[in-house]
Every structure is written in structure tokens, then in C-alpha cells.
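Report on the following structure.
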Amino acid sequence: KQRGIEFCIENGHEYEVFSDAGYSGSIPLQDRPGLKSLFDKIYLEEINGIYVVDWDRISRKKADSFVIKDILIKNNIEINTAGGKVNFNDETSDLLNDIKILLAEHEIQRLKTRIKRSLERSVKEGRVNGGPMIAFGYTKGEDKKMIIEPDEAEVVRLIYKLSLGGSGAMVIANYLNENNIPTKRMRVGNAPLKVRGKKKNEFVWRDSTIHGILTNSLYYGDRKYKGKIF
């Protein structure tokens, strides 16, 4: 952002910043508000040039990149990067830019594969990823291993006992609430959670939560992950 602003000031251009902070360059074009806003202004002929640190930063998908390139060419938009002007009319330069996009997309696919393998290996080794909101009755031990949390385990046993005694999920949820038994979110003391735009500080047991515990194979030792059982 700072490089782009400095470039515009040095060259006497008026400028506007378009940002998709927090959005991946690999998601569909229509899901990137900053890019969509940029296109709108291009079509309205309010913009005649853009600055991007590197051409492959504008998109990490080759198909989308070619669509963007076509829009820019048809609207006579000048493209500037940290490495200089992008010249689509120069065959060699154009080819190199296309190769950069192909390499960027390839690297993303490699990264996704490595992450997938790493997560599956963690599950095989009994580790749990993410924050403290793991299955009720469990917590993280040494080396992020999933271990039984004694106090919560007693509640899980109680839920199964009540169910086997004929109580339905709603009755069990009401029983836990009436006896002030805290949910997982209340136990871990997380910051207020936004639900439909409103902050929530208290979280009660619901029949859907009880049903989830009663039907989760984890409680008899089978951990499901991506369709596989460990």
C-alpha cells in the first residue's frame, strides 16, 4: 500500500487504495470486494492506471488472472509494479507474467497438499489442532495430544446415563442448565462471541449439543477426520 501511494505521489497521480485485506488471492473474483470496486471504477472510466507490488499478487489463479488481464487491456489500463511497467504487448514480457501466475497457483496447490498431510498426520498421532474449543470431555495435554478432561468426562458420562434412562436431548439440556453445569465455551472463558451481530457472554446447553455428544463416535474411541476413522 505504501509503495503504491509513494509511486503515485512521485509521479503526480491522484490515487485511491483498493484493498482485499484478509481475502486470499485464490478465491473467486466476485468474492473480493476491493477488486470488484476497482473494476467498477475502470468500467466508469474513472481510472486509467493501477499499481500492484507484483503482477502475481493481483490473483493466484491463472484463469482469473487472464480475465483480469483481458479487462485491463480492453480498457487501456496502465499497470505498474515494483519492478516497472507491465507491457502485455511485449510477447516475452507477457509470457513471463503468465509463467509467474502459473508458478504462484502451483505453489498454492503444493501448500494446500502439505497442510492437508500435516493435519492428517496430527490426527493419526492423537494431536488436536486449533484453539481450546475441542470436543467436550477432552483437552490438550503435552505435545497437543487429545486427553480426557476429568470434570467434563463426568458430565459426558452423566449425559449418556440420562439418555440410557430414557431422557431426550431437550430434557438432558434442561437438566444441565438447571444444575448450572457450564458448557465448554463457559469453561474455557472465551471472549464474548458475536451471534447474529449481538455479543453473547453466556452459553447454555441445547438439545442439538446433547445430540451431537450422543452421536459422536469420538466418545467410544473412533475419531473421524475427512471421511476416515482413526
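The values are calculated or read from the model by the stated rules, or taken from the named source; none is laboratory data. What you see is a predicted model, and the numbers here were worked out from it, not measured in a lab. Glycine also receives a Cβ, built like all others from the backbone with ideal geometry; neighbour counts cover every protein chain displayed. Each accessible area value is taken on the protein alone, full model and side chains, heavy atoms only, with ligands, DNA and RNA left out. Shrake-Rupley method; radii C 1.70, N 1.55, O 1.52, S 1.80 Å.
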Subject >> Gain upon complete extension [ASN87, VAL204; 0.36 nm per residue less C-alpha separation] >> reply: 36.1 nm
Original post:
Just one of [x] 7, 29, 33, 20, 9, 3, 0; [y] 7, 24, 28, 19, 11, 8, 2, 0; [z] 6, 22, 20, 15, 16, 14, 6, 1 is P(r) over Cα pairs in 10 Å bins from 0, in percent as worked out from the coordinates here. Which one is it?
Top reply: [z]
Subject >> Per-residue [θ]222 nm for the chain (sum of -39500 (n - 2.57) over DSSP H runs n ≥ 4, rounded to 500) >> reply: -14500 deg cm²/dmol
Subject >> Distance (nanometres) between label positions extended 7 Å along Cα→Cβ at LEU103 and TYR160 >> reply: 5.5 nm
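In the chain, which longest range has no GluC sites (Glu not before Pro) that are both DSSP loop (not H, G, I, E or B) and surrounded by at most 12 other Cβ atoms within 10 Å?
Maximal segment without exposed cleavage sites: 47-124.
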Original post:
Using 0.36 nm per residue, how much length does the chain from PHE230 to ASN180 gain when fully extended, once their Cα-Cα distance is taken away?
Top reply: 14.6 nm
**OP:** Could you state the accessible area per residue of the chain in Å², with a 1.4 Å probe and every protein chain left in place?
**Re:** 67 Å²
**OP:** Return the carbon/sulfur percentage of the accessible area of the chain, one whole number, probe 1.4 Å, all protein chains in place.
**Re:** 50 percent
Original post:
For helix 150-164, what angle does its Cα long axis make with the longest principal axis of the chain, in degrees from 0 to 90 and rounded to 10?
Top reply: 70 degrees
Subject >> Computed label-point distance, nm, for sites VAL53 and ILE73 using a 7 Å Cα→Cβ extension >> reply: 2.7 nm
**OP:** Mind checking the full-extension length gain between TYR43 and LEU96? Use 0.36 nm per residue of separation minus the Cα-Cα distance, one decimal, nm.
**Re:** 16.4 nm
Original post:
Where does helix 91-124 land angle-wise versus the long Cα axis of the chain, in degrees 0 to 90, nearest 10?
Top reply: 10 degrees
